[in-house]
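Notes to accompany the following structure.
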Amino acid sequence: MKFLEGKLDDIAAGREAPLSRRDLTDILESGPGIDGPLFRAASAVLGRNSGPGVYLRGIIEISNACQKNCFYCRLRRDNPGVARYRMNSREVMEALTHGWNAGLRSFLLQSGERLGGDFIEEVCAILAECRSRWGDSVRMVLSLGELPADVLDRLREAGGSRYLLRIETSDRGLYDRVHPCDGIHDWSARDACLRHLRATGWQTGSGVLIGFPWQTASVLAGDLEYLVDLDIDMCGMGPWIEHKDTPLDKVREQAPPRARRVSLTLRMIALLRILMPDINISATTALQTLDEEGLEKGLEAGGNVFMPNLTPPGYRADYNLYEGKTAVADDLESMITEGRKRCESVRRLLVLGDPGDPLHYGRRLATEGWMSGGAAPGDAIGGRG
Ligand code: SAM
Ligand code: SF4
């Protein structure tokens, strides 16, 4: 413990102190005494690299229909208790415009995984409309599940600049325990999809679920190493939360208690911040669901993004993935005012009017030579606009 605290103090002071897989595991398993040194080190790293800014990403949950059957998610295909919906383009554009008028410059369109019909064409048309209205001043983020490479390429062409796809867990055996083995839930395909995104110029986001049954600290340490190896630009990782209509709920007693899931999530954020100083990391909705002060704690652990929900009130309850996710409609202006106060309470600064590109992305574009080949719109590099 003293040895780990010493290393964390070195990191806080800006001295080299690499963390091994063993160190990561031990920190995740340590008693509460480790939290002070850990969060101090993460904040110091954040302060030296990305600064005090907190960026907003407005989330719009455009459809809850899904072809998959993940054992942890209420939206899974075989759950008959979900009223499926798909927002139309007008509704999506209205939500985006509302966010734009309030100063948001980054928007996440999220949905279940759906390939049929004209869904992708409609998303492409929305992206094109955003590009024509707002040009390069906005970043359109997509989280539509694992899509074929040619579809991802079309979405990028149409104006998508960031993509979020959690690997959920880096451990293939564990992945198979929380997904059906039916050919469409394949860890290698998910990993390949992430690597395709990373190689084709997307700002690439990933992350994991934390604290679900059978997961160990050593698996979580492996998750951190996986995210570093993938060299992501953004991360969203949050605690697993039960829902009675999911198969994983049947073994809920095998998961750590909720308070432990919160603590593990905060430690994962802090460790990732230390390992990847210049990426964007969000304080997720799930973290805020399990802890009223999840936003403040997530920022203090090293997060620098949070996501106001712009989904129209009438659809929100149908996008509940887990128990307790807020279905109440908050108005955006009060969410921003409240968010600003909460950021300031932990000495952070809420930033409006800036898409908040991860510095990591600009740096990797430069080193990979993308700029010499000509960057696509939405690939602004070298800072925060
Ligand atoms: N369908 C897309 C996908 O899976 O990538 C995007 C939408 S999906 C609802 C977004 C994330 O929700 C998943 O990556 C998963 O980690 C998270 N999620 C699903 N069920 C959850 C639960 N019970 N507790 C916490 N997070 C959950
Ligand atoms: Fe579908 Fe995503 Fe839920 Fe899995 S996590 S069932 S892919 S919405």
**Report entry** Loop-resident sites, the stretch 273-321, for GluC sites (Glu not before Pro), counting at most 13 other Cβ within 10 Å (DSSP)
**Finding:** 292
Query raised in the report: Looking only at the stretch 76-118, which residues have a backbone nitrogen under 12 Å from a spot 7 Å from the Cα of residue 317 in the C-beta direction?
Result: 83
Query raised in the report: Is the shape of the stretch 218-263 rounded, prolate or oblate, going by the alpha carbon gyration tensor and its root eigenvalues a ≥ b ≥ c, with a/c under 1.5 for rounded and a/b larger than b/c for prolate?
Result: prolate
Query raised in the report: Quick one: Kirkwood hydrodynamic radius for the chain, alpha-carbon pairs, angstrom, one decimal?
Result: 21.0
**Report entry** Rounded FRET efficiency, nearest 0.05, which uses the C-beta distance separating residue 347 from residue 292 and R0 of 25 Å
**Finding:** 0.80
Requested in this report: Could you please state how large a percent of the accessible area of the chain is carbon and sulfur, counting protein chains only and using a 1.4 Å probe?
Outcome: 54
Query raised in the report: Where the only charges are on Cβ atoms (+1 Lys, Arg; -1 Asp, Glu), what is the dipole of the chain about its Cα centre, to the nearest 20 debye?
Result: 340
Report task. State in Å² the accessible area per residue of the chain; use a 1.4 Å probe, count heavy atoms of protein chains only, and round to the nearest integer. Result -> 38
Query raised in the report: Where in the stretch 268-356 are there trypsin sites (Lys or Arg not before Pro) that are in a DSSP coil and have at most 13 other Cβ atoms within 10 angstrom of their Cβ?
Result: 347
Report summary line: For residue 154 the rounded accessible area (nearest 10 Å², probe 1.4 Å, non-protein molecules ignored) is 100
Report task. State the extension gain, in nm to one decimal, for the chain segment bounded by residue 2 and residue 340, taking 0.36 nm per residue of separation less the distance between their alpha-carbons. Result -> 118.0 nm
Report summary line: Sorted on mean Cβ neighbours within 10 Å (highest first), peptides 195-201, 22-28, 231-237 come out as 231-237, 22-28, 195-201
Report task. Provide the FRET efficiency to the nearest 0.05 for the residue 9-residue 150 pair, computing r from the beta carbons and using R0 = 51 Å. Result -> 0.55
Report summary line: Rh (Kirkwood, all Cα-Cα pairs) for the stretch 118-190, Å, reads 13.9
Report summary line: The extension gain from residue 48 to residue 260, computed as 0.36 nm times the residue separation minus the Cα-Cα distance, is 73.4 nm
Query raised in the report: Roughly speaking, what is the stretch gain from residue 89 to residue 330, that is 0.36 nm per residue apart minus the C-alpha to C-alpha distance, in nm to one decimal?
Result: 84.6 nm
**Report entry** Label-point separation, residue 231 to residue 157 (7 Å along Cα→Cβ), nm
**Finding:** 2.6
Requested in this report: Mind giving me the FRET efficiency for residue 118 and residue 188? R0 is 30 Å, r the Cβ-Cβ distance, nearest 0.05 is fine.
Outcome: 0.55
Query raised in the report: Peptides 356-362, 253-259, 74-80: what's the order by average Cβ count within 10 Å, highest mean first?
Result: 356-362, 74-80, 253-259
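The values are calculated or read from the model by the stated rules, or taken from the named source; none is laboratory data. On a predicted model such as this, the values are computed, not experimentally measured, just so you know. Counting neighbours? That spans all protein chains shown, and the Cβs are built from the backbone with ideal geometry, glycine included. Each accessible area value is taken on the protein alone, full model and side chains, heavy atoms only, with ligands, DNA and RNA left out. Shrake-Rupley method; radii C 1.70, N 1.55, O 1.52, S 1.80 Å.
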